[in-house]
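Colleague: One structure, as structure tokens, below. Some questions next.
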Amino acid sequence: MSAVAVASASAAAPNFEGAAFPVGFTAESLLPLEPLLEGVIQNAKLNILCQMATSKGEVRTATTVGKIEVLYVGCKVDGGTQICTTAGQAPGMITTKLINGTTGFLTANLTVAGLLLKPEVGTVFAEFTCALPIGKVTVEGSVIGEALPFKLGQLSTMGELIFEPNATLTGPKWSHFEDPEGPLCELTIKQTQAGKAWLMDHELITFAQALELK
């Protein structure tokens with residue numbers, strides 16, 4: 001059902017405004033930065049490097065997105081030769097489960113906006129198998145990326161979503177919204193054992209209709 005974005009943003013979360021929902025979008029990695037999933041399992045690194053990521057989805061309401069599918073291509077173990085593939089895909093292709101998300105503030109002064117993304121059903125974000133000795137890998141949980149532009153002052157069909165590590169390169173830059181009662185955001189990577197993971201990627205988004213996040 002279509003709805004028109006409200007005239008002013010809610011104080012609780014950044015709002016998409018200026019278009020009738022849902023608004024479809026596509027996205028792709030902003031090269032030359034290559035998408036990288038970094039993981040640590042029992043103090044051992046397991047990093048998956050891909051050549052490119054493309055995705056599609058929709059802005060459902062002023063504060064939610066959904067029906068997101070991400071396709072990573074050219075994926076292999078970073079520093080190795082083991083190709084990683086989701087079942088049913090061509091070699092080196094990893095697909096996520098359907099993803100949805102919500103907007104939120106990332107700083108106390110409400111000047112930085114983000115999107116928290118998680119699986120629409122269950123907890124599994126993606127599953128794939130890398131050549132031996134790695135084997136099957138499952139990624140579960142949720143991620144937060146910084147959403148740009150924020151409070152641009154005009155409608156636009158272009159946007160960005162940035163996933164970064166923290167200053168010590170030991171986890172994600174953003175693990176929760178500013179709301180202290182909000183959910184903790186974290187990824188888990190599972191092989192024979194489980195460990196933590198974080199995503200590095202910079203996505204350039206094209207919206208089907210011009211809108212503004214404010």
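Colleague: Return the residue satisfying two criteria in turn: it lies in the stretch 70-96 and is surrounded by 20 or more Cβ atoms within 10 Å (Cβ to Cβ) and under 15 Å from the mean Cα position of the chain (by Cα), and of such residues it is nearest to K214 (Cα to Cα).
Modeller: Per the criteria, the residue is V70.
Colleague: Tell me, yes or no, whether the stretch 108-115 has at least one residue that is within 22 Å of S29 (Cα to Cα), without any contact (Cβ under 8 Å) to a residue 40 or more places away in the chain and either touching a strand residue (DSSP E or B) at 6+ places or on another chain (Cβ under 7 Å) or surrounded by fewer than 19 Cβ atoms within 10 Å (Cβ to Cβ) (or both).
Modeller: Looking for residues that are within 22 Å of S29 (Cα to Cα), without any contact (Cβ under 8 Å) to a residue 40 or more places away in the chain and either touching a strand residue (DSSP E or B) at 6+ places or on another chain (Cβ under 7 Å) or surrounded by fewer than 19 Cβ atoms within 10 Å (Cβ to Cβ) (or both), one finds at least one in the stretch 108-115, hence yes.
Colleague: Does E212 qualify as being closer than 19 Å to N15 by Cα, touching an Asp or Glu at 6+ places or on another chain (Cβ under 7 Å), charged (D, E, K, R) and outside any loop (DSSP other than H, G, I, E, B)?
Modeller: Answer is yes for this residue.
Colleague: Separate question: Condition check: within 20 Å of T54 (Cα to Cα) and either touching a residue at least 24 places away in the same chain (Cβ under 8 Å) or within 17 Å of the chain's Cα centre (by Cα) (or both). Does L161 satisfy that?
Modeller: So L161 fits the description; yes.
Colleague: Can you tell me which residues in the stretch 37-58 are part of a strand (DSSP E or B) and buried (at least 17 other Cβ atoms within 10 Å of the Cβ)?
Modeller: Once the filter is applied, which keeps residues that are part of a strand (DSSP E or B) and buried (at least 17 other Cβ atoms within 10 Å of the Cβ), the stretch 37-58 yields L37, E38, G39, I41, I48, L49, A53, S55, G57, E58.
Colleague: Can you tell me which residues in the stretch 181-198 are charged (D, E, K, R), in a loop (DSSP other than H, G, I, E, B) and in contact with a Gly (Cβ under 8 Å, 6 or more places away or on another chain)?
Modeller: E186
Colleague: Additional query: Can you tell me how many residues in the stretch 140-180 are touching a Pro at 6+ places or on another chain (Cβ under 9 Å), outside any loop (DSSP other than H, G, I, E, B) and either among the aromatic types (F, W, Y) or over 12 Å from G104 (Cβ atoms) (or both)?
Modeller: Count: 10.
Colleague: Consider A194 carefully, then state whether it is closer than 30 Å to A87 by Cβ, modelled with pLDDT under 95 and aliphatic (A, V, I, L, M).
Modeller: In short, yes.
The values are calculated or read from the model by the stated rules, or taken from the named source; none is laboratory data. This is a predicted model, so every value here is computed, not measured. Here Cβ is always computed from backbone atoms with ideal geometry, including for glycine, and neighbour counts include all displayed protein chains.
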